[in-house]
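First up is the structure itself, then whatever we jot down about it.
The values are calculated or read from the model by the stated rules, or taken from the named source; none is laboratory data. Only a predicted model underlies this, so the values are computations on that prediction, with no experimental measurement involved. Every residue, glycine among them, receives a Cβ derived from its backbone with ideal geometry; neighbour counts consider all protein chains shown.
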Ligand code: ATP
Ligand code: MG
C-alpha cells in the first residue's frame, strides 16, 4: 500500500433514499465511507472552477500537526488546483467552551501566520474573521429555525466538546455551534469543506440546513439558494496527541507547527505508546503507535507499513526518534518562512482586513438572496 495522496471524500448523508426532513440530523458520527460512483477529489481535479472551499479554525492557539495533515495541507493543494478558497478565523466560536476569548487578536494573527507559512496565498484565498462579517452571522437566525433542539442535543461533536469544556454549564452558543458553522459554510455557498473527522457531524448539520432551507424557501427559478457542501477528509483525519486523545489546541497534547526542533523532540519523546516492542501499523488495535507511524509516513511521503517495518523490533524509542527527525525535516522550511512573516504584523492585519472586505461583499449578496426568497423587504 502507498500513502494515499488524494483526499478521501465522505458523504455525510445517505445517497438514497432521501431521509425525511425531521430525521436528517444524525445522532451518531457519519461513517467515513466512500460514496458509490462519486469521487469528490477526482471531480475537483476535472473542474476546479466549479468548486468553492470554506474551512477555518478557532483562534484558540497555534496550529498543530493534526491541523496540517488533517486539513491545512489539503487546503493548500486545492488552492494550487485553482479552487476558490474562503478561510474563516472562527473568533466567535472561541466562546462556545470558555467564558472569555483569551488573547484573541494575538491568536487570530498567529493563525494567519500559520496559514501563510503553510502556503495559503492571500491573493487567492479570502482569509477573514467572522466577527468582521455581520451578514454571515445574520444567517444564523433563519438557520436556527430549521433544526430542532433535540437534533442539536444529539450532535456527538457538541457532546465531546462539552465534555472537554472548561465551563460548568453548557452555554447556548455551544449548543448552536453547528448551526453557526452552517452559516460559515453557506454564506459563500461553499460546496467543499476540507475537515478533520471531528467535524463530520457539524458538516451534516450544514447539509441539512441547506436542504431544508431550499425546500422551505424555493427560488422562483426552481433552484435552491444553497449548495449541499461535502466533506473532504485527508489521509490523517484524526491525528492523535501526545496523550493518545485527538490532538487539540486546547487540550495540552499538541505539537505546534511552529515549535522548534528541540521542543518537538521533547514532546514526541513524551507521547503515549504501548508496551509491545515490535512496531506495526494497526490503527484499530494500536491507535497511539499507529498515529506516530502515520505521522512519520506523511512527513516522508511513504507508506506507514513501510515505516513500521523498517523500525521493526526497535521499540518506542526508535519510533519516536524516527518521527522527530521526519517532523523536523518536513517542517523546517515552513518554520523559517513563519519566522520571516512574523516580523511584519502589519501585513498580517492587512490580510485579515482585505479578506473581510471580500467576504462582506459575498455575505451581503447571500443575505439579500435569503431575504428575497423568505419574502422580507
Ligand atoms: P480546539 O481544541 O480549540 O477545539 P482544535 O485543535 O480541535 O482546537 P479546531 O480549530 O477545532 O482545532 O479545528 C480546525 C480544523 O482542524 C477542523 O477541520 C478539525 O477537524 C481539524 N483538526 C483539528 N484537530 C485535528 C486532528 N487531531 N486531526 C485531524 N484534523 C484535526
Ligand atoms: Mg476543535
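General remarks:
- Within segment 235-244, the set of residues being closer than 17 Å to residue 255 by Cβ and near ligand 1 (Cβ under 9 Å from one of its atoms) comprises 236, 238, 239, 240, 241.
- Residue satisfying all of: in segment 250-288; surrounded by fewer than 20 Cβ atoms within 10 Å (Cβ to Cβ) and near ligand 1 (Cβ under 9 Å from one of its atoms); farthest from the chain's Cα centre (by Cα) among these: 251
- Test for residue 232: is it within 16 Å of ligand 1 (Cβ to nearest atom), more than 16 Å from the chain's Cα centre (by Cα) and either closer than 19 Å to residue 67 by Cα or in contact (Cβ under 8 Å) with a residue 24 or more places away in the chain (or both): no
- Residue satisfying condition, being within 21 Å of residue 133 (Cα to Cα), at pLDDT 95 or above and surrounded by 14 or more Cβ atoms within 10 Å (Cβ to Cβ), within set 319, 341, 352: 352
Every residue, every condition in (1) closer than 27 Å to residue 40 by Cα; (2) away from ligand 2 (no atom under 16 Å from the Cβ), yes or no:
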| site | (1), (2) |
| --- | --- |
| 214 | yes, yes |
| 222 | yes, yes |
| 230 | yes, yes |
| 238 | yes, no |
| 245 | no, no |
| 275 | no, yes |
| 278 | no, yes |
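- For residue 100, the conditions (1) touching a helix residue (DSSP H, G or I) at 6+ places or on another chain (Cβ under 6 Å); (2) at pLDDT below 95 all hold with the exception of (1).
- The numbered conditions (1) touching a strand residue (DSSP E or B) at 6+ places or on another chain (Cβ under 9 Å); (2) more than 14 Å from ligand 1 (Cβ to nearest atom); (3) part of a loop (DSSP other than H, G, I, E, B) are all true for residue 136 except (3).
- Applying the set (1) at pLDDT below 95; (2) away from ligand 1 (no atom under 11 Å from the Cβ); (3) not in a helix (DSSP H, G or I) to residue 190 leaves exactly one unmet item: (1).
- Restricting segment 39-61 to residues that are in a loop (DSSP other than H, G, I, E, B) and more than 16 Å from ligand 2 (Cβ to nearest atom), the residue that is nearest to residue 192 (Cα to Cα) is 51.
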